[in-house]
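Visitor: Handing you this structure, nothing more for now.
Laboratory data are not the source of any read-out in this text; all were calculated from the coordinates shown. All values reported here derive from a predicted model rather than from experimental measurement. Note: ideal-geometry Cβ built from the backbone for every residue, glycine included; neighbour counts use all protein chains shown.
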């Protein structure tokens with residue numbers, strides 16, 4: 001659980017650097033220059049952002065404990081005790097990840113936005129390295145990505161820490177707030193991106209409200225078809241919209257993303 005979530009980013013970083021040096025060696029024989037930004041900075045940033053939610057899930061799972069009989073155990077893994085010398089290293093590691101990664105990621109993004117705004121930077125070079133983090137947003141909402149990561153960490157924390165009877169209502173309220181905020185702001189530059197986000201958030205809100213309603217009906221399973229229809233319709237819509245929106249960049253992305261996905265799938269199946 002926790003160790004696997006920690007190992008995946010490490011293996012990804014090793015893979016990226018190994019891939020960079022292989023490409024560099026191959027291209028140097030042809031007299032070509034290997035772009036550090038393309039093969040190191042962008043992949044590392046993408047991996048860090050992609051691993052944010054899995055690390056949040058694993059870390060908050062290690063921090064939330066409960067009593068089962070006479071034992072105080074980890075809620076997500078009742079076979080492990082929440083006390084004693086065997087748990088202390090995992091607790092320290094979880095606290096470090098919260099401070100460095102979970103809090104550090106949005107803090108670093110905020111620092112980058114402030115640095116871009118106040119420092120005399122080479123705008124072209126900055127856009128080449130970090131533009132994909134904010135170019136999708138309107139000029140006044142480049143910080144929306146920071147809120148996006150805070151939103152994900154809050155949802156994960158609520159899902160792991162708050163008790164089950166309160167959790168459903170809390171998530172429903174948060175989904176509704178996020179949906180209303182997005183509809184009011186519409187931070188993306190294109191109407192398609194804003195519309196896709198609205199559909200996804202509306203689907204999440206509908207599912208959360210349906211889960212709340214299931215607490216007050218005699219047969220909660222009767223509401224499952226509603227959830228399934230909403231999920232399937234949303235997935236189909238998002239896939240179609242993604243193919244329309246990213247049909248050209250997909251070819252370039254696959255050259256880096258596919259090998260990383262293969263490595264992740266292999267590690268997940270063997271860990």
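Visitor: How do 155-167, 83-95 rank on mean C-beta neighbours within 10 Å, highest first?
Guide: Top of the packing list down: 155-167, 83-95.
Visitor: Further question on the same structure: Please state, as a whole number in µm²/s, the translational diffusion coefficient that the Stokes-Einstein equation yields for the range 123-174 at 4 °C and 1.567 mPa s, with Rh defined as the Kirkwood radius across alpha carbon pairs.
Guide: Answer from the Stokes-Einstein relation: 99 µm²/s.
Visitor: For a quick protection proxy, order the peptides 187-194, 45-52, 66-73 by their average other-Cβ count within 10 Å, most packed first.
Guide: 45-52, 187-194, 66-73
Visitor: Rounded, prolate or oblate, given the Cα gyration tensor of the range 81-178, with a/c below 1.5 counting as rounded?
Guide: oblate
Visitor: Using a Förster distance of 25 Å, how high is the FRET efficiency between residue 115 and residue 151, based on the Cβ-Cβ distance and rounded to 0.05?
Guide: 0.65
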